[in-house]
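Scroll down for the structure; my scribbles are underneath it.
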Amino acid sequence: MKIPFQTALITGSSRGLGRGIAVKLAREGVKKIAVHYLSRQDEAEKTLAQLREAGADGVLVQGDTSNASRAEEIVHEAAQKLGGCDIFVQSVIPRLEDIYEHTLATEVPLAKWQLAFDTQVRAFFVGARAAATYMTRGGRILALSYTPGGRTGGWQPWVGMGSAKAALDSTCRYFAVALGRHGITVNAVSPGCCDDTTVLGQAPQEVRDAIKSWVEAGWTPMGRVGTPEDIANVCALLCSEEASFVTGQTISVDGGSSLMNPDFPLPLQVPA
């Protein structure tokens with residue numbers, strides 16, 4: 001696998017999936033990477049140290065991507081520090097308490113619903129189009145999505161993020177058409193349940209244990225939750241030269257969980 005690009009900005013890369021993606025790109029030959037964080041500079045510096053161990057260099061950029069003008073400024077600041085921006089990856093996930101309230105969709109506070117849209121699809125809209133202006137020799141744009149949240153309605157408190165992710169998937173497709181003529185690909189990556197420090201990692205231990213049991217029971221055919229490395233591997237592949245003809249797609253990286261049918265009991269789907 002060959003990544004033909006030298007500079008990258010990964011938002012939300014101070015921890016979790018964003019950190020995993022940044023480190024993987026460094027290991028695959030991306031030389032200069034901007035590590036974005038909101039408030040945890042200490043965690044961002046840990047990512048930076050891992051990039052250097054992997055043979056790359058990096059810079060730090062700080063800012064709140066829920067602010068549209070700041071989300072755009074972060075791209076320009078990163079590009080100036082790096083000398084370009086060939087790869088743009090959005091992987092920001094807000095704090096769980098800021099977007100989640102255990103209630104029915106009709107009772108979710110407007111502010112939490114709005115924050116989901118501001119940090120996901122709006123931040124991507126302004127950030128990706130700013131990054132594209134620096135991609136003079138082609139480029140790669142990626143967004144971390146969650147496709148089931150946009151298709152289903154059972155996880156009621158997730159109405160804001162689910163709806164925002166559906167809009168994010170759609171925006172990726174529109175951008176893929178607009179930017180294809182410039183050799184820029186735009187894709188979304190949809191993780192399943194991941195053992196990381198973002199959404200699942202913020203949940204109470206009993207919730208994490210319940211998800212792990214559900215996964216291992218067979219509702220995920222691969223029998224385990226994902227890891228940041230699983231997601232990072234697919235992101236690196238989409239950034240590679242070999243994936244230069246793949247655009248406008250949403251790739252599920254979920255161990256097969258999206259293949260299961262909730263209408264039938266598990267023993268009927270996967271006989272012992």
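No value in this document is a laboratory result; all are computed from the given coordinates. Here the structure is a predicted model, which means the values were calculated and not measured. As a convention, Cβ positions derive from the backbone with ideal geometry for all residues, glycine included, and neighbour counts pool all protein chains shown.
Brief remarks on what is shown
- Among Thr133, Thr106, Thr227, the largest mean-square fluctuation in a Gaussian network model of the chain, built with springs joining Cα atoms closer than 10 Å, belongs to Thr106.
- Globularity index of the range 98-196, i.e. its alpha-carbon radius of gyration over 2.2 N^0.38 Å: 1.18
- Cα-based convex hull, the range 84-125, per residue volume (Å³, whole number): 77 Å³
- Considering only alpha-carbon pairs that sit under 8 angstrom and 6 or more positions apart, the relative contact order computed for the chain is 20 percent.
- Entry for P(r) over Cα pairs in 5 Å bins from 0, in percent (calculated from the structure that is shown) out of [x] 1, 6, 13, 18, 20, 17, 12, 8, 4, 2, 0, 0; [y] 1, 5, 11, 14, 15, 14, 12, 9, 6, 5, 4, 3, 1, 0, 0; [z] 1, 5, 12, 15, 17, 17, 14, 11, 6, 2, 0, 0: [x]
- The range 78-142-the range 25-53 distance, computed between alpha-carbon centres (Å): 18 Å
- Using the Cβ-Cβ distance between Asp64 and Thr133 with R0 = 30 Å, the FRET efficiency computed as 1/(1 + (r/R0)^6) comes to roughly 0.90.
- Shown is the FRET efficiency for His76 and Asp98, computed with R0 = 30 Å from the Cβ-Cβ distance and rounded to the nearest 0.05: 0.70.
- Sum of -39500 (n - 2.57) over DSSP H runs of 4+, divided by residues of the chain (222 nm, nearest 500): -12500 deg cm²/dmol
- Rounded to whole Hz, the Karplus (6.51, -1.76, 1.60) HN-Hα couplings of the range 266-272, x for glycine and proline: 4, x, 6, 8, 10, x, 5
- For Val189, nonlocal amide neighbours, meaning residues 5 or more places apart or on other chains whose placed amide H falls under 5 Å from its own, are Ala143, Leu144, Ser145, Ile251.
- If you run the Gaussian network model on the chain, springs between alpha carbon atoms under 10 Å, then out of Ala111, Ala44, Ala78 the most flexible one is Ala111.
- Between helix 68-82 and the chain: long-axis angle, C-alpha atoms, 0 to 90°, nearest 10: 50 degrees
- Estimated from the Cβ-Cβ distance and a Förster radius of 41 angstrom, the FRET efficiency linking Glu45 and Gln269 is about 0.35.
- For a label point 7 Å along the Cα-to-beta-carbon line of Glu229, residues of the range 10-32 with backbone N under 14 Å: 20-21, 23-25, 27
- The label-point distance for Ala217 and Glu107, in a model that sets each label 7 Å from Cα toward Cβ, rounds to 2.5 nm.
- Taking Asn261, Asn67, Asn187 in turn, the Gaussian network model of the chain (Cα-Cα springs below 10 Å) assigns the largest fluctuation to Asn261.
- Share, in percent, of DSSP beta bridges within the range 7-251 that are antiparallel, nearest 5: 0 percent
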